[in-house]
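Engineer: Have a look at this one before I ask anything.
The values are calculated or read from the model by the stated rules, or taken from the named source; none is laboratory data. This is a predicted model, so every value here is computed, not measured. Heads up, the Cβs are rebuilt from the backbone with ideal geometry, glycines too, and the neighbour counts pull from every protein chain shown.
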Amino acid sequence: MSEYDSVRKGKLVLKGEKPKSKKRKHKSNKAEEAPKVDTKDTLEHGNWWKVLCVDEIKGAVAIEFGRHTYIKALDNGLFTLGAPHNEGEGPAPEEILTAIQISERAIALKSGYGKYIKVEKNGVVTGRSDAIGSNEQWEPVFQDRKMALQASNECFMSIDEEDTVVAKSKTADKDQMLQIRSQTVQAVNLTKDVPEEEQGNMKQIEINYVKKFQKFQDKRLRISKEDGKQLEKAKASGTLHETLLDRRSKMKADRYCK
């Protein structure tokens, strides 16, 4: 226990089901909301809530098979199914993993021993990797509030007859159904890494930079009358700041323009 103290969204293929056509979903520029949780279910699991999409899988997580039983890391790098917990209890320290989002579809998982989880050639899941490669990536797959976890060998995680964690089945049946639970609840602000001057539409961005750099001799803003589409093209090509400076220099309103 002391070691632990230091410590796509896609189609779920069920047996007998025919694949349905995929629908494209448009991304939103709005800040994501905090995950909606089932309060009763969350309280029954010691305030660990059930994730419903890939974006919610981050930070401390636990993988639950059945009810109140979680996969548990062993000191030899293997994983087994832990003992059942009482209602209201969360996972034990050795049952807690760290999730890292790799892409819109893939995650990596690190055990409390500081090793990344992957599937071996024989289908056994181990936590012995020091870095994230293709074999250490997992794809959470959701459908109808059910979930399965696909390994790099395109097989789904499950528990075998000896309670060892494996990934050997190409299809997701009831034995491959699991839940990932998290305690990380926070809103994600998509503009947190964007400078304040560059928040808003192109017109507002130009005004923001004029306010920041203009020489206010007569206290009047001088905004370029040139076509605003020029800024859209500049942003796409990575020359937004140079273009904004050029537009300000033509108005003779920038303290850095000679």
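Engineer: Keeping to the stretch 118-149, report how many residues are closer than 18 Å to ALA106 by Cβ and not in a strand (DSSP E or B).
Structural biologist: Residues in the stretch 118-149 being closer than 18 Å to ALA106 by Cβ and not in a strand (DSSP E or B): 7 in total.
Engineer: Is one or more of the residues making up the stretch 82-99 of a type in the set (Val, Ile, Thr), within 21 Å of GLU154 (Cβ to Cβ) and assigned by TED's automatic domain parsing to the domain that holds LYS174?
Structural biologist: Within the stretch 82-99, none of the residues are of a type in the set (Val, Ile, Thr), within 21 Å of GLU154 (Cβ to Cβ) and assigned by TED's automatic domain parsing to the domain that holds LYS174.
Engineer: Scan (1) of a type outside the set (Gly, Ala, Ser); (2) at pLDDT 85 or above; (3) assigned to a loop (DSSP other than H, G, I, E, B) for the single condition LYS27 breaks and write down its number.
Structural biologist: Failing condition for LYS27: (2).
Engineer: Which residue out of LYS170, LYS235, LYS174, LYS219 is surrounded by fewer than 17 Cβ atoms within 10 Å (Cβ to Cβ) and at pLDDT below 75?
Structural biologist: Sole residue among the options that is surrounded by fewer than 17 Cβ atoms within 10 Å (Cβ to Cβ) and at pLDDT below 75: LYS219.
Engineer: Looking at GLU242, GLU198, which one is modelled with pLDDT of 75 or more and surrounded by fewer than 17 Cβ atoms within 10 Å (Cβ to Cβ)?
Structural biologist: Being modelled with pLDDT of 75 or more and surrounded by fewer than 17 Cβ atoms within 10 Å (Cβ to Cβ) holds for just one of GLU242, GLU198, which is GLU242.
Engineer: Cβ-Cβ below 7 Å, separation at least six or inter-chain, first residue in the stretch 156-180 and on the phi < 0 side of the Ramachandran plot, second in a helix (DSSP H, G or I): which pairs?
Structural biologist: PHE156/GLN176; MET157/GLN176; SER158/ASP175; SER158/GLN176; SER169/GLN176
Engineer: Look at the stretch 46-81 and say how many of its residues are aliphatic (A, V, I, L, M), over 20 Å from ILE159 (Cα atoms) and either touching an Asp or Glu at 6+ places or on another chain (Cβ under 8 Å) or part of a strand (DSSP E or B) (or both).
Structural biologist: 2
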